[in-house]
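A short worksheet on the structure shown next.
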Amino acid sequence: MVAETEWPLPPLGLYIHLPWCVHKCPYCDFNSHPLRGGLPSGKYIDRLIEDLEEESPYIAGRTLDSVFIGGGTPSLFSGQEIGRILQGVGKQIELAPDAEITLEANPGTIERDSFTAYAQAGVNRVSLGVQSFDDSALRKLGRIHDARAAHQALESLHEAGIENFNIDLMYGLPGQDVESAMRDLETALAARPSHISHYQLTLEPNTAFAHDPPTLPCEEVCWEMYSSAVDLLSAQGLQNYEISAWAQPGSQCRHNLNYWRYGDFIGIGAGAHGKLTHAEDRVISRTRRPRQPRVYLSASEPTQRTQLENPDRIFEFFLNRLRLREGFEVSDFEARTGLAFECVEKRVQDAMSRGLLERSGHCFVTTPLGWRFINDIQALFLPKAQPAWLAKPGPAR
């Protein structure tokens with residue numbers, strides 16, 4: 001184990017979950033809930049601020065490097081309401097002068113001046129859930145916007161002066177061929193995003209698509225879509241720094257990088273998860289808020305707090321870190337887990353013997369084979385029983 005004086009605190013982020021959406025997409029397995037009646041924004045914002053106050057004893061003296069407002073559909077909240085949330089955050093914890101503040105937005109819920117209002121509220125990065133620019137594909141995905149709304153939202157982003165934005169784009173959609181997948185990507189690139197999240201549609205358990213699966217392109221066609229996308233994105237100067245994330249140099253999502261580097265983050269809002277390092281006690285803890293908005297708003301259930309055992313620290317580190325092209329150093333593992341590298345060295349060597357990891361200078365990085373079979377590497381570090389927290393805390397784009 002790392003000596004007490006050698007376990008520095010990692011960077012700290014804040015994830016804020018706004019759980020409501022207009023319509024639940026059939027592929028979505030995130031904690032999102034179709035809005036019934038009016039949006040209880042005032043009461044919910046009050047509850048968020050109470051959540052953050054509850055975390056104050058655990059984060060005293062620390063500074064936020066990033067804030068990510070995800071959902072659900074956060075753009076159902078007005079610029080004024082987002083501003084109230086961020087003002088409440090600023091009163092509880094210091095934000096770094098250059099803090100990255102991301103808002104997820106749905107093109108179907110954006111008015112022409114909304115992005116200006118969000119920018120005035122303090123948002124300096126937007127993740128826009130476009131998914132496709134093809135109207136037929138959007139209907140099959142159950143999206144509430146069409147291609148015209150997506151283009152209008154992108155124009156509004158530029159008009160508001162928000163140049164640091166991500167476009168969420170899916171491939172492997174029902175009825176999609178390679179040509180239409182590439183057309184989507186070319187259209188996205190024409191909007192000059194600083195970041196693209198490009199990922200294959202998968203049928204997740206407990207979704208409408210899982211119960212009534214659509215016909216998807218075969219594996220060979222999806223591989224051709226992926227390979228063609230890699231060539232085009234690389235030619236446009238974007239870097240594939242994470243499995244499904246591409247960015248212009250210097251425009252990687254700092255909030256997501258902190259997740260993947262096994263940093264700390266507070267999670268507030270219905271169903272949000274958090275992770276905090278308590279260096280003085282040699283403890284890493286997980287938090288989880290009540291999942292249902294009604295229960296969360298009632299404050300009838302306490303926040304769940306769990307200390308992570310060593311096997312769970314190991315698994316979480318590799319589950320996240322191996323998603324990154326940059327790999328990891330021995331010192332990274334020891335600083336973020338508080339454990340000696342010797343406890344995982346045999347499993348790292350096993351991954352190397354299988355051709356999944358290799359040394360590059362001081363780093364261990366995934367090989368091209370390992371990149372294709374990343375789940376096989378991660379499985380080498382699984383504890384005997386999976387951690388109870390292992391669930392998606394919310395979209396992270």
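Here's the yes/no breakdown for (1) of a type in the set (D, E, K, R); (2) at pLDDT 95 or above:
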{"residue": "LEU39", "(1), (2)": "no, no"}
{"residue": "LYS43", "(1), (2)": "yes, yes"}
{"residue": "ALA60", "(1), (2)": "no, no"}
{"residue": "LEU64", "(1), (2)": "no, yes"}
{"residue": "GLN80", "(1), (2)": "no, yes"}
{"residue": "LEU86", "(1), (2)": "no, yes"}
{"residue": "ASP98", "(1), (2)": "yes, yes"}
Q.
Given the criterion β-branched (Val, Ile, Thr), open to solvent by less than 20 Å² (accessible area, probe 1.4 Å) and either in contact (Cβ under 8 Å) with a residue 60 or more places away in the chain or out of contact with any Pro (no Cβ under 6 Å at 6 or more places or on another chain) (or both), identify the matching residue among ILE45, ILE49.
A. ILE45
Q.
Which numbered condition in (1) under 25 Å from the mean Cα position of the chain (by Cα); (2) surrounded by 21 or more Cβ atoms within 10 Å (Cβ to Cβ) is the only one that PRO217 fails?
A. (1)
Q) Restricting attention to the range 18-42, which residues are open to solvent by less than 60 Å² (accessible area, probe 1.4 Å) and out of contact with any Ser or Thr (no Cβ under 9 Å at 6 or more places or on another chain)? A) PHE30, ASN31, HIS33, PRO34, LEU39, PRO40, GLY42
Q. Consider GLY129 against the criteria (1) assigned to a loop (DSSP other than H, G, I, E, B); (2) of a type outside the set (Lys, Arg); (3) open to solvent by less than 60 Å² (accessible area, probe 1.4 Å): it satisfies all of them except one. Which criterion is unmet?
A. (1)
Q) Mind checking which residues of the range 228-255 are part of a loop (DSSP other than H, G, I, E, B), among the polar types (S, T, N, Q) and open to solvent by 30 Å² or more (accessible area, probe 1.4 Å)? A) GLN236, GLN248, GLN252
(Q) I'd like the residue in the range 106-126 that is of a type in the set (A, V, I, L, M) and either closer than 29 Å to THR215 by Cβ or not in a strand (DSSP E or B) (or both) and, out of all such residues, is least open to solvent (accessible area, probe 1.4 Å). (A) VAL123
(Q) I'm told ASN206 meets every condition in (1) among the polar types (S, T, N, Q); (2) within 15 Å of MET225 (Cβ to Cβ); (3) modelled with pLDDT under 95 except one. Can you identify the failing condition by its number? (A) (2)
Q. Only one of ARG354, ARG325 is more than 27 Å from the chain's Cα centre (by Cα), within 22 Å of ILE243 (Cβ to Cβ) and surrounded by fewer than 19 Cβ atoms within 10 Å (Cβ to Cβ); which?
A. ARG354
Q. Does the range 86-105 contain at least one residue that is open to solvent by 40 Å² or more (accessible area, probe 1.4 Å), assigned to a helix (DSSP H, G or I) and touching an Asp or Glu at 6+ places or on another chain (Cβ under 7 Å)?
A. yes
(Q) Suppose we keep only residues that are more than 28 Å from LEU203 (Cα to Cα) and aliphatic (A, V, I, L, M) within the range 155-185. Which one would you say is farthest from the chain's Cα centre (by Cα)? (A) ALA160
Q: Determine which single condition ASN258 fails, assuming it passes every other condition in (1) in contact with a Gly (Cβ under 8 Å, 6 or more places away or on another chain); (2) surrounded by fewer than 21 Cβ atoms within 10 Å (Cβ to Cβ).
A: (2)
Q) Do the conditions hold for ILE284, that is, is it buried (at least 20 other Cβ atoms within 10 Å of the Cβ) and more than 20 Å from the chain's Cα centre (by Cα)? A) yes
(Q) Under 6 Å between Cβ atoms, which residue pairs at least 6 apart in sequence (or on different chains) link something in the range 191-214 that is open to solvent by 10 Å² or more (accessible area, probe 1.4 Å) with a partner that is in a loop (DSSP other than H, G, I, E, B) and hydrophobic (A, V, I, L, M, F, W, C)? (A) PHE209/LEU203; ALA210/LEU203; PRO213/LEU203
Q.
Looking only at the range 256-275, how many residues end up being outside any loop (DSSP other than H, G, I, E, B) and closer than 15 Å to SER66 by Cβ?
A. 12
Q.
As an exercise: evaluate ASP46 against (1) part of a helix (DSSP H, G or I); (2) of a type outside the set (S, T, N, Q); (3) touching an Asp or Glu at 6+ places or on another chain (Cβ under 6 Å) and give the number of the one condition it does not meet.
A. (3)
Q) Of (1) farther than 20 Å from ASP51 by Cα; (2) in contact with a strand residue (DSSP E or B) (Cβ under 9 Å, 6 or more places away or on another chain); (3) open to solvent by 50 Å² or more (accessible area, probe 1.4 Å), LEU308 satisfies all except one. Which? A) (3)
(Q) I'm told LEU276 meets every condition in (1) aliphatic (A, V, I, L, M); (2) without any contact (Cβ under 8 Å) to a residue 60 or more places away in the chain; (3) touching a strand residue (DSSP E or B) at 6+ places or on another chain (Cβ under 6 Å) except one. Can you identify the failing condition by its number? (A) (2)
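The values are calculated or read from the model by the stated rules, or taken from the named source; none is laboratory data. These numbers were taken from a predicted model, which means no experiment stands behind them. Quick reminder, even Gly has a Cβ in these numbers, built from the backbone with ideal geometry, and neighbours come from all protein chains shown. Heavy atoms of the whole protein, side chains included, go into the accessibility calculation; ligands, DNA and RNA do not. Shrake-Rupley method; radii C 1.70, N 1.55, O 1.52, S 1.80 Å.
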